[in-house]
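Worksheet for the structure shown next.
The values are calculated or read from the model by the stated rules, or taken from the named source; none is laboratory data. Quick caveat: nothing in here was measured; it's all calculated off a predicted structure. We place every Cβ from the backbone using ideal geometry, glycine too, and count neighbours over all the protein chains shown.
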Amino acid sequence: MVRFLVIPLAALVVMAACAREQTSSPPPTPIPSPATLATATQNPTATPAPTATRTATPTRTPTPTPPPFNPGPVILPTVGLPPPTPTATPTDPLSAALRPIGRRVAVLRRLFELTPLETTVITRDELRIRLREDLDEDLDEIAQRQALYTVMGIMDKDASLHDLLLSLYGEQVIGLFDSEEEQLYIVSDTDEIGALDELTYAHEFTHGLQQQHFDIYSTRKSLEGNSDQALAYRGLVEGDATLAETVYMFENMDDEQRAQIAEEAAALDSTPLESAPHVIQREFAFPYREGPQFVFTILSAEEFSWRSVNQLYEDIPQSTEQILHPEKYVAKEAPIEVVLPDVASVLGGDWIVLREDTLGEFLLLSYLEDHITQEEADAAAAGWGGDAYALFEGPEGALLLQAVIAWDSDDDAQEFFDAFVEFTSARTGAAWQPVEGDPSTQTIMVPSQVIFAAVDGSQTTLVFAPDTDTLETAVGAPGAR
């Protein structure tokens, strides 16, 4: 089953070029040269003591642009795929050619191979077949995600998330690691191992080391049902591998090889990524953009000791908030537990619960930034404290979404409420109406949907309903504020 999937750095460059102008935002903290990472002192320093309460949230550092280098595709999935026949063994010519790469990766990452990691080269056509089989195993989860995107206006109701993901991964993936079978795959249509394949292997070999030392497969399985934390964990896993890959490239490849990698990466078809909805683009790229920044922040705080990164697997990030704001990870600011109103009890037997989950700061951020300024979106999402949502399906496929979001302060809640009102007006072209003259509770009517937004102290409530009667039922549910 597809869990940790791939995106090339070339695609990140495309996304940066397609992004809206953000001249009002300060530049992100740069990642220093890989030589610094490779040669810095390895002695760990003391970890700052955690705090017991949530702190005020400053405006988030804007979404980082890709590092100034361009090593090509960032390779990365950890997936469940059946091993092909025949399977490469440590004594065949392919493994013999790749073993020195793995040894170098193990040395620079300060982790060592516990058992031999098997590697197989597959063609892109074989990859597409495997990805389709893999996605077909996740049809229910994909359908639930599509329903969420549809009710929020992220995707058109007639679009297919399954087909979109197949198109994205089929063109962008150049390597993958099966964490359950501990099998590495390189995607290539030739029999030769070129510079891009070498870099791919370095990245995927890092995933193999992660699995052997930290059992990333079991951790990923344990996070099913919490989409936000699962995405945060991908940020850790992929951020770690991306930094290791980058160090490898600068320590072991010359200018000619790097140019070859850039050329091959540029040849990949970026059309599916460019045409995808903004939120899906951002979620696709998150592990490889925000993830490395998070891991690097932890690494640099500990005098560039990889031990500090290893410790992240023992105490994994709890939310995308902690990836976006590493200081909140250090302070151990766990998400606030949110209890949803009992909407199911008042909807009636024609409605079923499709999914109960968490939106998370990153989804709210990427949602808002598609229709308001980057600065406004950053500020509005930055005070996230925790949330929960329930998605229902009713007669004739009608969808109802109720989300309750806790914020770090009353001001943070009001800031998000104001931004959401502005965002929805820009997205729909419709006008909000206060409920009974109360500006803190408003509704907006759009074709086939009515949207409700309310702010009460440090909490906001959002409801997307198919009609006013269903909205009134949901808003009047036991436990609603």
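Brief remarks on what is shown
- Residues being free of Cβ contacts under 8 Å to residues at least 60 places away in the same chain and within 18 Å of residue 334 (Cα to Cα) - total across region 363-385: 1
- With respect to being farther than 20 Å from residue 424 by Cβ, touching a Lys or Arg at 6+ places or on another chain (Cβ under 7 Å) and of a type outside the set (A, V, I, L, M), residue 325 fits the description.
- Residue count, region 239-295 (criterion: under 21 Å from the mean Cα position of the chain (by Cα), closer than 30 Å to residue 308 by Cα and of a type in the set (D, E, K, R)): 6
- A residue that is hydroxyl-bearing (Ser, Thr, Tyr) and in contact (Cβ under 8 Å) with a residue 60 or more places away in the chain occurs nowhere in region 274-287.
- Elements of type helices (runs of 4 or more DSSP H) in region 214-280, at least 1 residues being under 30 Å from residue 106 (Cβ atoms) and in the same structural domain as residue 313 (by TED's automatic domain parsing): 216-222, 227-252, 255-266
- Comparison of 379, 331 shows that the only residue that is modelled with pLDDT of 95 or more, touching a Ser or Thr at 6+ places or on another chain (Cβ under 8 Å) and more than 18 Å from residue 279 (Cα to Cα) is 331.
- Residue check, residue 424 in a helix (DSSP H, G or I), among the hydroxyl-bearing types (Ser, Thr, Tyr) and out of contact with any Pro (no Cβ under 7 Å at 6 or more places or on another chain): yes
- Subset of region 227-247 [polar (S, T, N, Q) and in contact with a strand residue (DSSP E or B) (Cβ under 7 Å, 6 or more places away or on another chain)]: 227, 242
- Any chance residue 396 is touching an Asp or Glu at 6+ places or on another chain (Cβ under 9 Å) and assigned to a helix (DSSP H, G or I): no
- All positions within region 200-230 that are touching an Asp or Glu at 6+ places or on another chain (Cβ under 6 Å) and either over 30 Å from residue 260 (Cβ atoms) or of a type in the set (A, V, I, L, M) (or both): 202, 217, 227
- Any helices (runs of 4 or more DSSP H) falling wholly within region 289-392 and containing at least 3 residues that are under 16 Å from residue 403 (Cα atoms) and in contact with a Phe, Trp or Tyr (Cβ under 9 Å, 6 or more places away or on another chain): 360-368
- Residue satisfying condition, being closer than 26 Å to residue 110 by Cα, crowded, with 16+ Cβ neighbours inside 10 Å and without any contact (Cβ under 8 Å) to a residue 40 or more places away in the chain, within set 313, 329: 329
- Once region 353-408 is narrowed to residues that are more than 20 Å from residue 319 (Cβ to Cβ) and among the acidic types (Asp, Glu), the residue that is nearest to the chain's Cα centre (by Cα) is 370.
- Neighbours by Cβ (under 6 Å, 6+ apart or cross-chain): first from region 179-208, hydroxyl-bearing (Ser, Thr, Tyr); second in a strand (DSSP E or B): 179/78; 185/120; 185/122; 185/176; 188/121; 200/175; 200/186
- In the condition set (1) under 19 Å from residue 280 (Cβ atoms); (2) modelled with pLDDT under 90; (3) not basic (Lys, Arg), residue 83 is compliant with all but (1).
- First in region 117-140 and assigned to a loop (DSSP other than H, G, I, E, B), second anywhere and surrounded by 13 or more Cβ atoms within 10 Å (Cβ to Cβ), Cβ under 6 Å, 6 or more apart: 117/184; 117/208; 137/1; 138/1
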